[in-house]
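Taking it in order: structure first as structure tokens, then the write-up.
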Amino acid sequence: MINDATTIFKRPEALSENITHYCPGCTHGVIHRLVAESLDELGLRDRAVGVAPVGCSVLIYNYFTCDFLEAPHGRAPALATGFKRVRPDMICFTYQGDGDLASIGMGEIVHAANRGEKITVIFVNNAIYGMTGGQMAPTTMPGQRTTTSPKGRDVSLAGYPIRVAELLSTLRTPSFIARVAVHTPMHIITAKKMIKKAFRLQKEGRCFSLVEVLSTCPTNWGIDPSAATKWVGEAMQPYYPLGIYKDPEREES
Amino acid sequence: MAKKLMKGNEAIGEAAICAGALNYFAYPITPQSEVAEYLCWRLPEVGGVFVQAESEVAVGNMLFGAAASGKRVFTTSSSPGISLMQEAISYMAGAHLPVVLLNIMRGGPGLGGILPAQSDYFQAVKAGGHGDYHVIVLAPASVQEAVDLMILAFDLADKYRSPVMIIGDGMIGQMMESVEFPEKYREQNDPNANDWSLTGARGRKPRIVKSLFLDPQKLEDNSLKLAEKYKEIKKNEVRYELYKVSAKTRILIAAYGTMARICQTVIDELEEEGISVGLFRPISLYPFPEKVIYDEAARKNIERVLTIEMSIGQMVEDIERCTKGIKPVDFFGRTGGIVPTPNEVKDKIRELLAKKK
């Protein structure tokens, strides 16, 4: 009977065997897996180059089995632009947090999207700076307490959280922009579809693609992991609506 | 190949193509925007990549990504633009990536002006970004030399896996002179011909191009690897020219780039008056010809060393360092886009000769 056993679940080839350093309840691990599964299923692993950010996922290259570049803070889309222009036959993706992409790297992401670079951006939004210890990010929710907004984000001084997916979808250049979440199995299934589609569009040489993923940070939010997943649904999701914001396949139909 | 009359900025662009460097990222800035205006049509003609970036910060980082491919990549800019690229230059030095940057210097600090200057010696030679590193720095004195050094720069960048910066002043970029290019244009590098470029982890372990080493021992190891590289560079890549330095020379001028050319005129004219002045012209500013300037200054007949720059005095610190007090070191400079005239230089020399006995 044992000979009839079939493998129905295994580590994707694109993921290494290293154990991640992420905190309990953090969803980086889930998002890494979705990226790895997409690379595997589309057969892209052995011609993919990832660009690591500065932030909690700075060591992402330890968890994948594809080539990687390590970028200065916020500059991953510029590195990806440089690499992809020189090697259009390869697949290039960035993996960036909200401090990296929406704060210090806002210039690079807007222009990479506007030029229509054929790269894929995985944008992980957990409404806080994680690695530096929980400071206010451009995506921090109004009233949310952080180490640099101990009384809660004051929108009269810090403005409102930046909605990156909406902002980038105002650009005229065709692209694929979606926002997903990974706090429930149902959301993870949709997130996988969107991430895989983003990579497929790059594989087909179609357009710039970005998937914003609402993520958790129980450590710096100061709540337990299950409360953190609830907070994504209850506090973040109403402000950051999920869905496809821009789709070249829709525009053409 | 026949000689061509070309503007410095355009000749430099063609020289890169000649070196098989077909990947160019840039942001417009005076006084070198002609390089981008030339390459935006010339590169597509030869199947190259031209990207006008949104900022010099982005240019530096596009180079970082592109250099990891193993192909030859470059940019051209001017002083304030180079300041913005220093972030990426530091990262590329730390990650051992080959890249060529041309800095057509203008006056500073700040927005400064748009006229020729040599006020970026420090940011080029002393490592303008953070961390323990150097870049190879070359300084041409004519359009032909700019072409030759541009081609050499790519070879050095590849050989040492290091950023190389060419510093010229606005004069080199704007002036028209006759130039000759090598007959044969080089092919682009094969990305699969080395063991470090990112080509996809097909049948091999993944490669990581990075400058992050959280383990202090690994970071020190990387710095020691750089130190070892700089030792080799100092041993192999010193370049300079001596002009009319003889047993009769009383004053030794130290100058580089356009300023050295003006000093040659001064030296020729003073020679007719029976005054013997010689020139030490470093071509590699890093590695600096440390031993050469010491040995020349040590000649018995040399009374003083006069450093002349289009700045308020930057290279003069290296001249002082390398001559180790063996002879008095003087300085003369004009800046802000003002170029010292031959007469001003002569007056300074006469003043120094009068001072001595």
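Throughout, read-outs are computed from the coordinates displayed, never taken from laboratory work. All values derive from a computational prediction rather than experimental measurement. In this analysis, Cβ positions are derived from the backbone assuming ideal geometry, glycine residues included, and neighbour counts consider all displayed protein chains.
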Along Cα→Cβ, 7 Å out, is where each label goes; now give me the distance between the ones at B:Glu272 and B:Phe122 in nm to one decimal. 4.0 nm
Given a Förster distance of 56 Å, report the FRET efficiency between B:Asn343 and B:Leu214 from their Cβ-Cβ distance, rounded to the nearest 0.05. 0.45
Enumerate the residues in the stretch B:190-218 having an amide nitrogen under 12 Å from the point lying 7 Å beyond the Cα of A:Asn18 toward its Cβ. B:206-210, B:212-215
Each label point is 7 Å from the Cα along the Cα-to-Cβ direction; what then is the distance between the points at B:Tyr240 and B:Glu290, in nm? 1.2 nm
Nearby aspartates and glutamates by direct alpha-carbon distance to B:Lys291 (threshold 12 angstrom, same-chain neighbours under 8 apart not counted): B:Asp318
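Loop sites only, by DSSP: take the GluC sites (Glu not before Pro) in chain A that have at most 16 other C-beta atoms within 10 Å and name the longest stretch containing none of them. Each step should come with its number before you reach the end.
Working: sites that count: A:Glu13, A:Glu17, A:Glu204.
With GluC sites (Glu not before Pro) excluded where exposed in loops, chain A gives A:18-203 as its longest stretch.
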From DSSP H assignment alone, runs of 4+ in chain B each adding -39500 (n - 2.57), the sum over residues rounded to the nearest 500 puts [θ] at 222 nm at -13000 deg cm²/dmol
Taking trypsin sites (Lys or Arg not before Pro) as exposed when DSSP calls them loop (any state but H, G, I, E, B) and at most 14 other Cβ atoms lie within 10 Å, what is the longest stretch of chain A free of them, the sites themselves excluded? A:11-150
If you keep only loop residues by DSSP, which trypsin sites (Lys or Arg not before Pro) in the stretch B:1-107 have at most 13 other Cβ atoms within 10 Å of their Cβ? B:Lys3
I'd like the Karplus ³J(HN,Hα) series for the stretch B:233-246: coefficients 6.51, -1.76, 1.60, θ = phi - 60°, whole numbers in Hz, and an x wherever there's a Gly or Pro. 4, 5, 6, 9, 10, 6, 9, 6, 9, 10, 10, 6, 8, 9
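Please give the average number of partner chain Cβ atoms lying within 10 Å of the Cβ of each residue in A:45-52, rounded to a whole number.
Working: counts 4, 7, 4, 4, 10, 3, 5, 3.
That average works out to 5.
Would you calculate, for chain A, the mean residue ellipticity at 222 nm contributed by helices, counting each DSSP H stretch of 4 or more residues as -39,500 (n - 2.57) and dividing by all residues, to the nearest 500? Could you put the intermediate results ahead of the total?
On the way: 9 runs with 79 residues, N = 253.
That calculation yields -8500 deg cm²/dmol at 222 nm.
Do any trypsin sites (Lys or Arg not before Pro) in the stretch B:183-237 lie in a DSSP loop with no more than 11 other beta carbon atoms within 10 Å, and if so, which? Show your work: numbers first, answer last.
On the way: sites: B:Lys184, B:Arg186, B:Arg202, B:Arg204, B:Arg207, B:Lys210, B:Lys218, B:Lys225, B:Lys229, B:Lys231, B:Lys234, B:Lys235; in loops: B:Lys184, B:Arg186, B:Arg202, B:Arg204, B:Arg207, B:Lys210.
Filter output for the stretch B:183-237: B:Lys184, B:Arg202, B:Arg204.
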With respect to the cross-link table entries B:Lys300/B:Lys355; B:Lys205/B:Lys229; B:Lys7/B:Lys229; A:Lys196/B:Lys210; B:Lys205/B:Lys225; B:Lys234/B:Lys346, which display a Cα-Cα separation exceeding 24 Å? B:Lys205/B:Lys229; B:Lys7/B:Lys229; A:Lys196/B:Lys210; B:Lys234/B:Lys346
Computed from every Cα-Cα pair in the stretch B:221-262, P(r) in 5 Å bins starting at 0 and rounded to whole percents is 5, 16, 16, 14, 13, 12, 11, 8, 4, 1
Quick check: pseudo-label points 7 Å beyond the Cα along Cα→Cβ at B:Cys40 and A:Glu166, how many nm apart are they? 3.5 nm
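Please give the charge dipole size of chain B, origin at the Cα centre, charges +1 on K and R Cβ atoms and -1 on D and E Cβ atoms. Round to the nearest 20 debye. Spell out each step's value before the answer.
On the way: 43 positive and 45 negative charges, 186 e Å.
Dipole magnitude for chain B comes out near 900 debye.
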Long-range amide H partners of B:Glu303 with built H, under 5 Å: B:Ile251, B:Leu252
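Which trypsin sites (Lys or Arg not before Pro) does the stretch B:269-327 hold that lie in a coil by DSSP with at most 12 other beta carbons within 10 Å? Kindly include the intermediate steps, with their values, before the conclusion.
Numbers: sites: B:Lys291, B:Arg299, B:Lys300, B:Arg304, B:Arg321, B:Lys324; in loops: B:Arg299, B:Lys300, B:Lys324.
For trypsin sites (Lys or Arg not before Pro) across the stretch B:269-327 that sit outside H, G, I, E and B with at most 12 neighbouring Cβ atoms in 10 Å, the list reads B:Lys300, B:Lys324.
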